[in-house]
Amino acid sequence: MTYDLIILGGGPAGYNAAERAAHNGMTVALFEERALGGVCLNEGCIPTKTLLNSAKIYESALHGDAFGVTVQGASIDHAKVVDRKDKVVKTLVGGVGAKMRGAKVKVITATAEITAKGPEGFTVEGGGEKICAAKLLICTGSEAAVPPIPGLREAVAAGLATTNREILDLRVVPKKLCVIGGGVIGLEMASYFATIGTEVTVVEMLDKIAGPTDRDISAILQKNLEKKGIKFLLGAGVCKVSGKAGAGVVECKKGDETITLDCDTILVSTGRRARTQGIGLEKMGVMCERGAIVTSECGRTSVPGIWAAGDVNGKSMLAHTAYREGEAAVNDMLGIKDRVDYRAIPAVIYTKPEIGTVGETLESAKKAGFNAKEETVSLRYSGRYIAEVEDGDGIVKIVTDADHGTILGVHMIGSYASEIIYGAAIMVAEERRFKDVQKIVFPHPTVCEVIREGMFMIK
Ligand code: NAI
C-alpha cells in the first residue's frame with residue numbers, strides 16, 4: 001500500500017501533523033506502538049495536571065480558614081485520584097482516535113521501522129504491515145534518561161525507582177520519596193506527593209531548582225515548596241542507589257560530604273533523551289547529534305523526503321513545541337513557507353504557585369549580546385491577586401532591550417501564570433515594544449494586569 005506520508009509516532013507532533021496533512025489532501029498512515037497521544041496524554045502533561053488539580057482542591061480544603069471556609073475531616077484518596085486520571089487519559093486518547101478516524105488517517109498500532117528506500121519512496125514495516133510513502137515524518141519522541149548511577153538501573157527494574165511513567169500509576173502513597181533531579185518533572189511530582197502527605201526530598205546537582213528558570217523565580221518557588229515540607233538538597237549529585245522495592249537508600253555527594261537518604265520510592269527525573277534507535281535512521285543516513293535528529297526550522301532532516309518533529313529533535317522537548325513543529329513540517333511538505341520561532345516558546349511549571357516563562361531571562365539576554373534590562377513587579381499590584389491569595393509572593397519580570405524597547409522575555413510566578421504567559425509569548429514573538437503594550441487594554445480585575453502595569457515602570 002502506498003501513502004503520501006507515513007508518520008512514525010502518535011504523540012502531539014505526530015497526531016497533529018497527521019490531521020493537518022490529511023486535511024490538506026494527503027493520504028496518511030501513522031504508526032504508534034503504545035497509545036495515541038504519546039507521553040503528553042498518557043504519562044506526561046495531562047495525567048500530572050489531573051493529579052495536581054486534585055492536590056489543589058485538597059489543599060484549598062485544608063487551608064480554607066483564611067478565606068472563611070472550614071472543611072471538617074478533609075482527606076484525599078490517592079487511588080481515586082489515579083482512577084480519575086485514567087478516565088481523563090482514556091477520554092482524551094479516545095478523542096485523538098476519533099480525530100484520526102475523522103481525518104481518514106490509517107493508524108497502525110505497532111513499532112515501525114524504515115526498512116528500505118526505492119523508486120516508490122520509503123518502505124516502513126511494523127505489525128505485519130509493509131507500506132510505502134514518498135515522505136516520512138519522524139515523531140518518535142523521547143524517553144526518561146536513567147543516568148549511569150551505580151544501582152539505579154537495578155532499582156528501576158526492582159520497582160524501587162520509578163520514572164515519569166510508573167510514578168503516575170502508583171496506587172499506594174509513598175511515605176518517603178526521593179526525587180533525583182529538581183527540574184520540571186521532579187518539581188511537579190514533588191509538589192503533588194508533598195501535598196498529599198509524602199515526605200519528599202529533592203536532590204539536585206545544580207545550586208538551584210527549575211533549571212534555566214530565572215534565579216529569583218526559582219528561589220520563590222523553592223521557598224513555597226519548602227513551606228509544603230519539601231526538602232531540597234542542592235549542589236548534590238546522587239552517586240549510589242541500593243535497596244529493594246519499598247526500602248531504598250540514596251547516597252549523595254555534596255562537595256566532600258556524603259549524605260544518605262532513606263526512602264521507600266525514588267523518582268528519576270534527570271532529563272529525557274530522544275528516541276532515535278531501532279527505527280532505521282542509520283540505514284537511511286539521517287544525521288543525529290548528541291542522540292537527537294538534526295532538523296531545520298521547518299523540520300527537514302539531512303535526508304530529502306524525511307522530516308522530524310517533537311522531542312526526537314532534542315530542541316525544546318515540550319508538547320506545544322511538538323505541535324508547532326509537526327505543522328511546520330507538513331507545511332514544508334506542501335510547499336507552504338513556514339518556520340518555527342524558537343525565541344517565543346512559553347514554558348510552564350504547574351506547581352503551586354505556577355511558573356510561566358517565555359523568551360530571554362536577563363542573564364540569557366546579556367549572554368546573547370543584548371543591552372538588556374529587567375523590571376520586576378509584585379503580583380500584589382493586582383487586586384484580584386490580593387483578593388484570592390493570602391500572603392502571596394508572586395512576581396513578574398519583564399526583560400527588555402534597552403536600545404529598542406522591545407520585549408525580550410517575561411517570567412512570572414503566581415496564580416494563572418500558565419494561562420497568562422501566551423499573551424507575553426505574542427509580545428515576544430511580534431517584537432512588541434513596552435510602549436506598544438501600554439496602549440493595550442487588559443481586563444480588570446485580573447492578575448495579567450500586572451504585566452501592563454510593569455510596562456509603565458520601564459524607563
Ligand atoms: P529537566 O531537564 O527539566 O531536569 C532534570 C534535572 O536533573 C536538572 O536540573 C539536572 O541538573 C538534574 N540532574 C541530572 N542528573 C542528576 C543527578 N545525578 N543528581 C541530581 N540531579 C541531577 O528534566 P525532567 O524534569 O526529567 O523533564 C524532562 C522533560 O520533560 C523536560 O524537557 C521538560 O521540559 C519536559 N516536561 C515539561 C513539563 C511542562 O511543560 N510542565 C512537565 C514535565 C516534563
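The numbers here are math on the coordinates, done by the rules we state, and not lab data. Predicted model, so just to flag it, every value in this text is computed and none were measured. Virtual Cβ from ideal backbone geometry, glycine too; neighbours counted across all protein chains shown.
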Q) When you scan region 385-405, how many residues do you find that are out of contact with any helix residue (DSSP H, G or I) (no Cβ under 8 Å at 6 or more places or on another chain) and not aliphatic (A, V, I, L, M)? A) 4
**Q.** Pair list, Cβ under 7 Å, 6 or more apart: region 177-189 residue outside any strand (DSSP E or B), other residue near the ligand (Cβ under 6 Å from one of its atoms) and among the hydrophobic types (A, V, I, L, M, F, W, C)
**A.** Val184/Ile349; Leu187/Ile349; Glu188/Ile349
Q.
Which pairs turn up if I take residues in region 414-441 that are in contact (Cβ under 8 Å) with a residue 12 or more places away in the chain and look for partners that are assigned to a helix (DSSP H, G or I) and among the hydroxyl-bearing types (Ser, Thr, Tyr) with beta carbon separation below 8 Å, at least 6 apart in sequence or on another chain?
A. Gly414/Tyr385; Ser415/Tyr385
Q | Options Glu19, Glu33; residue that is under 30 Å from Thr140 (Cβ atoms) and either outside any helix (DSSP H, G or I) or touching a strand residue (DSSP E or B) at 6+ places or on another chain (Cβ under 8 Å) (or both) | A | Glu33
Q: Being under 17 Å from Cys252 (Cα atoms) and in contact (Cβ under 8 Å) with a residue 60 or more places away in the chain is the filter; apply it to region 210-240 and report the residue that is nearest to the ligand (Cβ to nearest atom).
A: Val238
Q.
Pairs please, first residue from region 151-164 and among the hydrophobic types (A, V, I, L, M, F, W, C), second anywhere and surrounded by 15 or more Cβ atoms within 10 Å (Cβ to Cβ) and part of a helix (DSSP H, G or I), Cβ atoms under 8 Å, 6+ apart in sequence or on different chains.
A. Ala161/Leu152; Ala161/Ala155
(Q) List pairs: first residue in region 303-326 and without any contact (Cβ under 8 Å) to a residue 12 or more places away in the chain and within 18 Å of Ala347 (Cα to Cα), second residue surrounded by fewer than 24 Cβ atoms within 10 Å (Cβ to Cβ) and not hydrophobic (A, V, I, L, M, F, W, C) anywhere in the structure, Cβ distance under 7 angstrom, at least six positions apart or on different chains. (A) none
Q. Restricting region 206-234 to residues that are more than 22 Å from Thr357 (Cα to Cα) and among the hydrophobic types (A, V, I, L, M, F, W, C), which is surrounded by the most Cβ atoms within 10 Å (Cβ to Cβ)?
A. Ile230
